[in-house]
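Below you'll find the structure, written out as structure tokens, and then a few comments.
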Amino acid sequence: MYDFATLYGIIIFDKIFHIVTETDLHFKMGVIIMKLRTKIQLSFSITMAVLLVIIGMVSKNLNTAAINTLTDNSIATSASLASDHISQQLEDYLNMVSMVGTNEILSDDNVSIKEKSAFLDNYVETYGFTSANLLDADGVSLIDGTDFSDRDYVINALEGVANVSDVTLSKYTNTYGISIAAPIYNTAKQIKGVVYFRLDIDFMLDVIQNISISDNSYAYLVDKNGNIIVHPDNTLILNYNLTEQSGSMATFANEIKENKSGDGTYVYNGQTILCGFGPIDHTNDWTMVIAAPETDFTQYSTQVNRITLLLDCIAIIIAILFSTSLASSISKPIVRVKKALLSVAQGDFSVQIPNATGKDEVAVLQNTTAYLLHTLSDIIGQTNRIMDSIANYDLSISDMNNNYPGEFNNLSVSINSIKHMLNNLIVEVQNSVYNVENGSHELAQATSSLSQGAVSQANSIQTLADDFSDVVSKIDNNSKHEELINQKLATLDQNIHTANGQMENLMTAVNNIETMSADIQKIVSTIDSIAFQTNILSLNASVEAARAGEMGKGFAVVAEEVRSLAVKCGEASQKTSDLINDCVDSIANAKDCADATFESLSGIVTDSSEISTAFQNIANDTMEQACKSKRIQNEVNNISDVVQTNTATAEETAASTAVLSEQAMNLKEMIRDFKIS
């Protein structure tokens, strides 16, 4: 089976192949050459085919989307209505059971259990319940003593809430059903127990089996845990859990667990299932699900797509026939124009094209081409006439017509202008030839004189260059000698500065010796003072020893020795003082000599620096003169080269002048053949 797009592509390819195989195609240099008619057919056909494919695909997608949207809305609406229907029935049952719970028969302790049981059986028979039971406040059956206190619906009823239990399998009847429980109130509005009725799920099966949105649709109920609790297939009830499945089924189970209305898809037994779902009120989060195979709805879109495909095929065939007729009406005049233009391109202007009677673009093209060929033929003929005349040296021929349209007229004007320009040019050339001939003779004579003067000038410049070269050589030698003297003066100046520095050191040493001599004189004076004081002390000691008599004799001897030493010390100090004074006088004389020598060396240093600076300036000036003399020598050499070049140029000019005179004679002979107006 092919899908819609594949069938569409096969049909279009077949039609295009049919057009190509029935048109004229040939190869040139490995490239496919296609006629205009074929191009128009292919362009129009392919364009229509592409448009129809796009329209068909868009229509298919829109139809499919519309049907899917309608299907989803229909399924979701049906699921919501079905859930509301079941919710209403359950609400009616809850209201009835709640009303039973408020009956005084059930809460009156004076009424026997048998009478209460008979009362409940009456409701069972009237409303189609399978059974009923009466429980005390502890959740124990008053009829058979069974304990139901652990059941959720009993717990809720004891708390004052009428509710519906989940679907369970009855151990007595072996059928699936639900329990609808409500609290029993006494006259004081106190809860005395619970009454519940057992109801098979057949009433819900009747509801879901009457739901049909397609040939294979079905409905089922799911509890909050994902278990199927009502289904046309009894084997799935409480045996199939949606949340335990994988893939899209698990995703769908998560959606319905949100307890909201909606629609979705999942895969079951390899088949895509469309479904709608809605919560059921008055239950423990049950959900109504309506499901249908996707194939139940795609058959409608498939039929629409087949009709669209058929209409598109018919439209393509009509488009091909129309394009063939249109291409033929367009291509025939263009082929005539093509043949005529090919003849013109090969130089044949004799071809003629008949005028078309139509007013469309193709007819205008044919008529315009015919007019173009006539105009080109006339212009080429007139141009050949004038060019042939010019080729035969005849410029007196008449001009071309100036009645052509547009740029053709500009061509006519240009050719006439060329003819007149050549005529005037020949006249000017004839006049110029005579002038050139006379001028060339005069130029030859002047060039000969110029050449002789240039040779004489070149000899003089060469002599000047040789003499100046000797002068530059002498200046270079002087510069070298001055540089040597300058080096020696620099060395002498350095030695003088060194001696001056040593003399300064000598002056410093003499000053230091003079200072030390003064200090020695002070020391000697101190020694004299000490000797004098010692002598006085010894005299005093002698006087005291004399007073002491016998006891002071020893002390007198000591005093005498001390006085003797003081006298010797004074004499030695005097001699030392005399020697130091002589030394100080000698040092003073030496200092005076050193000062005079230092002043002389300082003058020599100053004069040496001035001489060195002056001689350095002389050396710099000499070097600058040497550089300038070299530049002058280069300029003289350049002048000599220029003079030599001018001499050669003058000789060449003389030769060229002779050639020019000869060429002027030849040109004069050539223009004699032209006929001018």
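In table form, for the structure just shown:
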| item | result |
| --- | --- |
| Among the residues listed as Ala162, Ala188, Ala157, Ala182, the single one being aliphatic (A, V, I, L, M) and modelled with pLDDT under 90 | Ala188 |
| When residues of the range 227-261 are limited to those that are in contact with a helix residue (DSSP H, G or I) (Cβ under 6 Å, 6 or more places away or on another chain) and among the small types (Gly, Ala, Ser), the one nearest to Val167 (Cα to Cα) | Ala253 |
| Extreme residue, most open to solvent (accessible area, probe 1.4 Å), among residues of the range 151-169 that are under 12 Å from Ser179 (Cβ atoms) and among the acidic types (Asp, Glu) | Asp152 |
| Set Thr534, Thr526, Thr576: member being farther than 30 Å from Ile618 by Cβ, modelled with pLDDT of 75 or more and open to solvent by 70 Å² or more (accessible area, probe 1.4 Å) | Thr526 |
| Enumerated strands (runs of 3 or more DSSP E) restricted to the range 226-302, each holding at least 2 residues that are open to solvent by less than 10 Å² (accessible area, probe 1.4 Å), closer than 30 Å to Asn95 by Cβ and of a type in the set (A, V, I, L, M) | 228-230, 286-293 |
| Residue in the range 185-202 that is surrounded by fewer than 16 Cβ atoms within 10 Å (Cβ to Cβ) and of a type in the set (Ser, Thr, Tyr) present | yes |
| Exclusive hit being among the acidic types (Asp, Glu) and closer than 21 Å to Ile86 by Cβ, set Asp215, Asp233 | Asp233 |
| One residue from Ser179, Ser149, Ser165, Ser170 being free of Cβ contacts under 8 Å to residues at least 24 places away in the same chain, of a type outside the set (D, E, K, R) and either under 27 Å from Leu238 (Cβ atoms) or in contact with a helix residue (DSSP H, G or I) (Cβ under 6 Å, 6 or more places away or on another chain) (or both) | Ser149 |
| Meets criteria (at pLDDT 70 or above, closer than 30 Å to Ala572 by Cβ, in a helix (DSSP H, G or I) and open to solvent by less than 80 Å² (accessible area, probe 1.4 Å)) for Ala518 | yes |
| Of all residues making up the range 182-219, the number that are touching a strand residue (DSSP E or B) at 6+ places or on another chain (Cβ under 7 Å), in a loop (DSSP other than H, G, I, E, B) and free of Cβ contacts under 8 Å to residues at least 60 places away in the same chain | 1 |
| Tally of residues being more than 17 Å from Ala79 (Cβ to Cβ), touching a helix residue (DSSP H, G or I) at 6+ places or on another chain (Cβ under 6 Å) and aliphatic (A, V, I, L, M) across the range 182-226 | 4 |
| Out of Glu571, Glu651, sole residue that is charged (D, E, K, R) and closer than 30 Å to Met516 by Cβ | Glu571 |
| Filtered residues of the range 377-397 (kept if open to solvent by less than 70 Å² (accessible area, probe 1.4 Å), part of a loop (DSSP other than H, G, I, E, B) and without any contact (Cβ under 8 Å) to a residue 40 or more places away in the chain) | Ile397 |
| Boolean, Asn581 is in a helix (DSSP H, G or I), closer than 21 Å to Glu514 by Cβ and either acidic (Asp, Glu) or more than 60 Å from the chain's Cα centre (by Cα) (or both) | yes |
| Whichever residue in the range 565-593 is free of Cβ contacts under 8 Å to residues at least 12 places away in the same chain and of a type in the set (S, T, N, Q) and, among such residues, is farthest from Val524 (Cα to Cα) | Asn589 |
| Any hit, the range 629-645, residues being closer than 30 Å to Asn500 by Cα, part of a helix (DSSP H, G or I) and open to solvent by less than 50 Å² (accessible area, probe 1.4 Å) | no |
| Any chance Leu365 is within 60 Å of the chain's Cα centre (by Cα), open to solvent by less than 50 Å² (accessible area, probe 1.4 Å) and at pLDDT 70 or above | no |
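Yes/no per residue for (1) open to solvent by less than 80 Å² (accessible area, probe 1.4 Å); (2) without any contact (Cβ under 8 Å) to a residue 60 or more places away in the chain; (3) in a helix (DSSP H, G or I):
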site	(1), (2), (3)
Ser479	yes, no, yes
Leu484	no, yes, yes
Leu492	no, no, yes
Asn495	no, yes, yes
Asn505	no, yes, yes
Val510	yes, no, yes
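The values are calculated or read from the model by the stated rules, or taken from the named source; none is laboratory data. None of the values given here were measured: they were computed from a predicted structure. Using ideal geometry, Cβ is built from the backbone for each residue, glycine included, and neighbour counts are taken over all protein chains shown. All accessible areas refer to the heavy atoms of the entire protein, side chains included, with ligands and DNA or RNA removed. Shrake-Rupley method; radii C 1.70, N 1.55, O 1.52, S 1.80 Å.
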